[in-house]
Amino acid sequence: MTRLLKIAPAIILSAYITTGNLWAFRPALMRPLSLAGLLLMGAALWGKGRREGSSAIDKGFLIYMGCSAFIFWALSDQWIGIAMHFTAGLLYAILFIVVALPAAATGTYFTEFFAKKRTPEIFWDTPLFKAINRNMTWVWAAIFALSAGLTLVPVLVIGKPG
(Lines give C-alpha, C1' and ligand atoms only; values in the text may rest on other atoms or scores of the structure.)
Protein backbone atom coordinates (compact mmCIF):
# COMPACT_ATOMS: atom_id res chain seq x y z
CA MET A 1 0.00 0.00 0.00
CA THR A 2 2.87 2.37 0.79
CA ARG A 3 4.38 1.76 -2.63
CA LEU A 4 1.05 2.57 -4.30
CA LEU A 5 0.77 5.76 -2.26
CA LYS A 6 4.19 6.86 -3.55
CA ILE A 7 3.15 6.58 -7.19
CA ALA A 8 -0.52 7.56 -6.81
CA PRO A 9 0.04 11.22 -7.87
CA ALA A 10 1.71 10.12 -11.12
CA ILE A 11 -1.04 7.57 -11.79
CA ILE A 12 -3.79 10.15 -11.19
CA LEU A 13 -2.10 12.71 -13.43
CA SER A 14 -1.42 10.16 -16.17
CA ALA A 15 -5.00 8.88 -16.08
CA TYR A 16 -6.35 12.44 -16.25
CA ILE A 17 -4.20 13.50 -19.21
CA THR A 18 -4.71 10.20 -21.06
CA THR A 19 -8.49 10.36 -20.64
CA GLY A 20 -8.45 13.97 -21.77
CA ASN A 21 -6.47 13.07 -24.88
CA LEU A 22 -8.73 10.11 -25.66
CA TRP A 23 -11.86 12.27 -25.44
CA ALA A 24 -10.34 15.41 -27.06
CA PHE A 25 -10.63 17.33 -23.78
CA ARG A 26 -14.38 17.83 -24.25
CA PRO A 27 -15.51 20.28 -21.56
CA ALA A 28 -18.57 18.18 -20.65
CA LEU A 29 -16.25 15.33 -19.64
CA MET A 30 -13.30 17.37 -18.41
CA ARG A 31 -15.25 19.49 -15.92
CA PRO A 32 -16.17 16.62 -13.60
CA LEU A 33 -12.94 14.78 -14.40
CA SER A 34 -10.78 17.77 -13.48
CA LEU A 35 -12.62 18.19 -10.19
CA ALA A 36 -12.37 14.48 -9.41
CA GLY A 37 -8.67 14.55 -10.33
CA LEU A 38 -8.08 17.52 -8.05
CA LEU A 39 -9.83 15.82 -5.14
CA LEU A 40 -8.02 12.52 -5.72
CA MET A 41 -4.67 14.28 -6.05
CA GLY A 42 -5.31 16.22 -2.85
CA ALA A 43 -6.22 13.03 -0.99
CA ALA A 44 -3.22 11.13 -2.37
CA LEU A 45 -0.81 13.92 -1.45
CA TRP A 46 -2.34 14.30 1.99
CA GLY A 47 -1.75 10.58 2.62
CA LYS A 48 1.69 10.65 1.07
CA GLY A 49 2.62 13.82 2.94
CA ARG A 50 1.69 12.28 6.27
CA ARG A 51 3.94 9.28 5.59
CA GLU A 52 7.00 10.76 3.92
CA GLY A 53 6.33 14.36 2.93
CA SER A 54 5.50 15.77 -0.46
CA SER A 55 8.09 16.82 -3.00
CA ALA A 56 7.94 19.92 -5.16
CA ILE A 57 6.93 17.65 -8.04
CA ASP A 58 3.96 16.36 -6.02
CA LYS A 59 2.94 19.95 -5.28
CA GLY A 60 3.33 20.78 -8.97
CA PHE A 61 0.96 17.95 -9.84
CA LEU A 62 -1.59 19.33 -7.38
CA ILE A 63 -1.22 22.86 -8.78
CA TYR A 64 -1.65 21.47 -12.29
CA MET A 65 -4.87 19.70 -11.30
CA GLY A 66 -6.09 22.90 -9.63
CA CYS A 67 -5.30 24.93 -12.76
CA SER A 68 -7.06 22.37 -14.93
CA ALA A 69 -10.16 22.46 -12.75
CA PHE A 70 -10.12 26.27 -12.81
CA ILE A 71 -9.71 26.34 -16.60
CA PHE A 72 -12.58 23.92 -17.24
CA TRP A 73 -14.94 25.39 -14.65
CA ALA A 74 -14.24 29.12 -14.76
CA LEU A 75 -12.88 30.09 -18.17
CA SER A 76 -14.44 30.47 -21.59
CA ASP A 77 -14.30 27.89 -24.37
CA GLN A 78 -11.52 29.90 -26.05
CA TRP A 79 -9.25 29.45 -23.01
CA ILE A 80 -10.25 25.81 -22.72
CA GLY A 81 -9.21 25.32 -26.36
CA ILE A 82 -5.83 26.90 -25.73
CA ALA A 83 -5.30 24.87 -22.56
CA MET A 84 -6.20 21.57 -24.24
CA HIS A 85 -3.58 22.13 -26.93
CA PHE A 86 -0.90 22.89 -24.36
CA THR A 87 -1.62 20.27 -21.72
CA ALA A 88 1.99 19.11 -21.52
CA GLY A 89 3.30 22.67 -21.81
CA LEU A 90 1.18 23.78 -18.86
CA LEU A 91 2.42 20.86 -16.78
CA TYR A 92 6.07 21.54 -17.62
CA ALA A 93 5.65 25.27 -16.96
CA ILE A 94 4.18 24.55 -13.54
CA LEU A 95 6.97 22.08 -12.76
CA PHE A 96 9.51 24.72 -13.80
CA ILE A 97 7.90 27.25 -11.45
CA VAL A 98 7.74 24.91 -8.43
CA VAL A 99 11.39 23.98 -8.95
CA ALA A 100 12.89 27.36 -9.92
CA LEU A 101 10.92 29.82 -7.78
CA PRO A 102 11.88 28.41 -4.36
CA ALA A 103 15.49 27.98 -5.53
CA ALA A 104 15.71 31.57 -6.75
CA ALA A 105 13.76 33.15 -3.90
CA THR A 106 14.92 31.22 -0.85
CA GLY A 107 17.73 28.88 -1.89
CA THR A 108 15.49 25.88 -1.25
CA TYR A 109 16.50 23.19 -3.74
CA PHE A 110 13.89 20.63 -4.65
CA THR A 111 16.42 17.83 -5.08
CA GLU A 112 17.23 18.04 -1.36
CA PHE A 113 13.91 16.33 -0.63
CA PHE A 114 15.17 13.23 -2.43
CA ALA A 115 18.85 13.55 -1.50
CA LYS A 116 18.11 13.70 2.22
CA LYS A 117 16.44 10.29 2.03
CA ARG A 118 19.71 8.65 0.99
CA THR A 119 22.39 10.91 2.45
CA PRO A 120 23.38 10.84 6.12
CA GLU A 121 22.23 13.92 8.02
CA ILE A 122 25.80 14.89 8.87
CA PHE A 123 26.31 15.95 5.23
CA TRP A 124 23.14 18.02 4.80
CA ASP A 125 24.73 21.35 5.74
CA THR A 126 28.00 20.87 3.89
CA PRO A 127 28.92 23.14 0.97
CA LEU A 128 29.28 20.12 -1.33
CA PHE A 129 25.78 18.81 -0.55
CA LYS A 130 24.32 22.28 -1.11
CA ALA A 131 26.28 22.79 -4.34
CA ILE A 132 25.24 19.44 -5.80
CA ASN A 133 21.58 20.07 -4.97
CA ARG A 134 21.72 23.65 -6.27
CA ASN A 135 23.22 22.49 -9.57
CA MET A 136 20.85 19.54 -9.96
CA THR A 137 17.85 21.75 -9.19
CA TRP A 138 18.87 24.21 -11.90
CA VAL A 139 19.44 21.36 -14.35
CA TRP A 140 15.90 20.13 -13.66
CA ALA A 141 14.55 23.66 -13.96
CA ALA A 142 16.23 23.95 -17.37
CA ILE A 143 14.81 20.59 -18.46
CA PHE A 144 11.28 21.65 -17.45
CA ALA A 145 11.64 25.08 -19.12
CA LEU A 146 13.00 23.50 -22.31
CA SER A 147 10.20 20.92 -22.32
CA ALA A 148 7.57 23.66 -21.88
CA GLY A 149 9.15 25.63 -24.70
CA LEU A 150 9.26 22.63 -27.02
CA THR A 151 5.49 22.23 -26.73
CA LEU A 152 5.23 25.57 -28.56
CA VAL A 153 7.12 24.27 -31.62
CA PRO A 154 3.98 23.27 -33.59
CA VAL A 155 2.57 26.80 -33.16
CA LEU A 156 5.85 28.42 -34.12
CA VAL A 157 6.47 26.13 -37.12
CA ILE A 158 3.01 25.64 -38.64
CA GLY A 159 1.12 28.47 -36.99
CA LYS A 160 -1.51 26.52 -35.11
CA PRO A 161 -1.66 24.19 -32.10
CA GLY A 162 -0.92 20.60 -33.00
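The values are calculated or read from the model by the stated rules, or taken from the named source; none is laboratory data. Predicted, not measured: the structure shown is a model, and the values here were computed from it. As a convention, Cβ positions derive from the backbone with ideal geometry for all residues, glycine included, and neighbour counts pool all protein chains shown. Side chains are part of the model used for accessible areas, which takes the heavy atoms of the whole protein and leaves out ligands, DNA and RNA. Shrake-Rupley method; radii C 1.70, N 1.55, O 1.52, S 1.80 Å.
Quick notes on this one:
- Ser34 being part of a helix (DSSP H, G or I), of a type in the set (S, T, N, Q) and under 17 Å from the mean Cα position of the chain (by Cα): yes
- Residue list for the range 15-27, restricted to those being of a type in the set (S, T, N, Q) and either under 11 Å from Thr87 (Cα atoms) or surrounded by fewer than 13 Cβ atoms within 10 Å (Cβ to Cβ) (or both): Thr18, Asn21
- The helices (runs of 4 or more DSSP H) found wholly in the range 70-162 and carrying at least 3 residues that are of a type in the set (A, V, I, L, M, F, W, C) and open to solvent by less than 30 Å² (accessible area, probe 1.4 Å) occupy 87-106, 127-150.
- In the range 1-14, the residue that is nearest to Leu91 (Cα to Cα) out of those that are open to solvent by less than 50 Å² (accessible area, probe 1.4 Å) and modelled with pLDDT of 90 or more is Leu13.
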